[in-house]
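First the structure, in the form of structure tokens, and then the observations on it.
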Amino acid sequence: MGKKILVIGNGGREHCIAWALSRSEQIEAVYVAPGNGGTASLAKCSNVSLSPLDFQGLMDFAKEKNIDLTVVGPEAPLAAGIVDRFQAENLLIFGPNQAGARLEASKSWAKEMMEKAGIPTASAMIFTDVAKAKNYVLANPGPLVIKADGLAQGKGVTVALDTESALTALNELSQFGAAGETVVIEEMLLGEEASVLAFTDGKTILAMPPAQDHKRIGVGDTGPNTGGMGAYAPAPVITPQLMDRIYKEVLEPILAALTHQGVTYRGVLYAGLMISPAGEPKVIEFNCRFGDPETQVLLPLLKTPLEEVLIATAEGTLDQIQLEWKSECAACVVLAAGGYPGSYRQEDEIFGLEKVAETGATVFHSGTRQIEHQIVTQGGRIMAVSATATTLKDALKCCYEAISKIQFEGVYYRPDIGWRAGG
Ligand code: AMP
Ligand code: GLY
């Protein structure tokens, strides 16, 4: 009998996780709660209409179907303690517990942990009193970065180049409710961003190839921040020597600091980094989960069966796994709805998806919904088109060729994914 896996979430990341799992012969079925239009039509895969925050419903489902492993995609259920609930009922689950997820769910706590562990990061001040925060901003012309402490769906960070925009950002924190009651104000770092994601079971750390996301909406990394407009891996800005330093100066110390606090961290540890022009890495943030869209370029490069890695991570036997990666490059380009990241169109039919296979690219859906035989848009980021090839240039060429086959009203994508790596 093959294994049955439950994946929680509905984005491109979860489609890609389900895709990677469903390719393994050892997998009998993949359920995605709630999934999207892409997971609905994936082989061996079915959507389950349960919310990622309906822990009781998800546990009942896992028991009823004899699920071997549950994999949590997004941060919200991790921060709300889904792993602790599953573990209390002896259900195997991939992701950090609530205490570990604080690394992403509280930027002030993460900052304190980094400072204690001597991890290079932007210097920061933490305030719970807005008046004091404003005084600090008035006394420090910046540029400053203003961050809501808690989860804010990627909208809680403002890079404020002048005092006025820093004050505006502070005034707007109340929209985040409890997540905005504490604010982290930090120095602005300069350089090139990159993401290092690692599997860890609390003892062993196995990093994935370094990746680079494109967070801004506009060409040349300009304009407002988004959830991510495209990615590629490996990112050459992180050389093998730099990766060694990131293990020693970032990943190992944060894990040791967590262990010291009594936290066994199991899951993906994601370090968002700024690499200074002199090649020095500093941590911008930690995330407690796979990145989106980084996953859509990392998992297509993984040769080791994904379920073996996820199960070993969750069981604490990662020392017995050797990760094998293709020596290729992967790229993905996100197609968004016109207007994103502002207000955008919805429910437009998507055409041409059936022609993508002939290009060799793979489509990972995020904001789509299946209505009978139609796939329609439902969200800001609609899908990521992903491809691997010997060179980054060829992987990107394949992505853009596939994109030329896909149509929906108002489609927007960045034409310059990979530009920093000469793509
Ligand atoms: P975060 O939600 O912490 O990933 O922040 C979102 C984005 O804001 C990051 O990807 C960076 O582009 C930017 N950012 C956050 N902190 C800093 C910083 N200290 N210096 C420069 N940019 C930053
Ligand atoms: N790609 C950025 C994130 O997943 O947070």
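The values are calculated or read from the model by the stated rules, or taken from the named source; none is laboratory data. A quick note: this is a predicted structure, and the numbers were derived from the prediction, not measured. Cβ atoms come from the backbone with ideal geometry, glycine included; neighbour counts cover every protein chain shown.
Points to keep in mind about this one:
- From the options Gly272, Gly227, Gly262, residue that is part of a loop (DSSP other than H, G, I, E, B) and at pLDDT 95 or above: Gly262
- Every residue from segment 88-113 that is under 14 Å from Arg289 (Cα atoms) and either charged (D, E, K, R) or part of a loop (DSSP other than H, G, I, E, B) (or both): Gly95, Pro96, Asn97, Arg102, Glu104
- Of all positions in segment 239-250, none carries a residue that is of a type in the set (Val, Ile, Thr) and within 14 Å of ligand 1 (Cβ to nearest atom).
- Criterion applied to Lys203, Lys248 was being more than 19 Å from Ile284 (Cα to Cα), charged (D, E, K, R) and surrounded by fewer than 21 Cβ atoms within 10 Å (Cβ to Cβ), and the one residue passing it is Lys203.
- Members of segment 281-332 that are among the charged types (D, E, K, R), surrounded by 17 or more Cβ atoms within 10 Å (Cβ to Cβ) and farther than 19 Å from Gly100 by Cβ: Lys282, Asp292, Glu294, Glu307, Glu328
- Complete set of residues in segment 371-390 that are more than 22 Å from Ser343 (Cα to Cα) and touching a helix residue (DSSP H, G or I) at 6+ places or on another chain (Cβ under 6 Å): Val385, Ser386, Ala387, Thr388, Ala389
- Single residue of Ile284, Ile311 found to be more than 16 Å from ligand 1 (Cβ to nearest atom), under 30 Å from Ala79 (Cβ atoms), outside any loop (DSSP other than H, G, I, E, B) and in contact with a strand residue (DSSP E or B) (Cβ under 7 Å, 6 or more places away or on another chain): Ile311
- All positions within segment 230-259 that are in a loop (DSSP other than H, G, I, E, B) and of a type in the set (Phe, Trp, Tyr): none
- One residue alone among Lys393, Lys397, Lys405, Lys355 is basic (Lys, Arg), in contact with a helix residue (DSSP H, G or I) (Cβ under 7 Å, 6 or more places away or on another chain) and more than 19 Å from Gly291 (Cβ to Cβ), and that residue is Lys405.
- Only residues that are hydroxyl-bearing (Ser, Thr, Tyr) and more than 26 Å from Ala152 (Cβ to Cβ) were counted across segment 196-226, and they come to 1.
- Within segment 332-346, residues that are part of a loop (DSSP other than H, G, I, E, B) reach partners that are of a type in the set (Lys, Arg) with beta carbons closer than 7 Å, at six or more positions or on different chains, in the pairs Ala337/Arg345; Gly338/Arg345; Gly339/Arg345; Tyr340/Arg381.
Table: residues versus (1) in contact with an Asp or Glu (Cβ under 8 Å, 6 or more places away or on another chain); (2) at pLDDT 95 or above; (3) more than 16 Å from ligand 2 (Cβ to nearest atom).
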| residue | (1), (2), (3) |
| --- | --- |
| Leu103 | no, yes, no |
| Ala117 | no, yes, yes |
| Thr121 | yes, yes, yes |
| Asp129 | no, no, yes |
| Asn135 | no, yes, yes |
| Gly142 | yes, no, yes |
| Lys147 | yes, yes, no |
| Ala152 | no, no, no |
| Lys155 | no, no, no |
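- Close Cβ contacts (under 9 Å, 6 or more residues apart or on different chains) running from residues in segment 154-170 that are among the acidic types (Asp, Glu) to residues that are within 13 Å of ligand 1 (Cβ to nearest atom) and not in a strand (DSSP E or B) comprise Asp162/Gly142; Asp162/Pro143.
- Looking across segment 378-422 at every residue that is under 19 Å from His15 (Cβ atoms) and among the basic types (Lys, Arg), the one that is surrounded by the fewest Cβ atoms within 10 Å (Cβ to Cβ) is identified as Lys405.
- Selected residue (criterion: farthest from Gly12 (Cα to Cα)) from residues of segment 351-377 that are crowded, with 18+ Cβ neighbours inside 10 Å and free of Cβ contacts under 8 Å to residues at least 60 places away in the same chain: Thr359
- Flag for Ser49 being without any contact (Cβ under 8 Å) to a residue 40 or more places away in the chain, in a loop (DSSP other than H, G, I, E, B) and either under 20 Å from the mean Cα position of the chain (by Cα) or surrounded by fewer than 23 Cβ atoms within 10 Å (Cβ to Cβ) (or both): yes
- Lone unmet requirement of (1) of a type outside the set (Lys, Arg); (2) within 16 Å of ligand 2 (Cβ to nearest atom); (3) touching a strand residue (DSSP E or B) at 6+ places or on another chain (Cβ under 7 Å) for Met125: (2)
- Hey, Leu161 of a type outside the set (Val, Ile, Thr) and surrounded by fewer than 18 Cβ atoms within 10 Å (Cβ to Cβ) or not: yes
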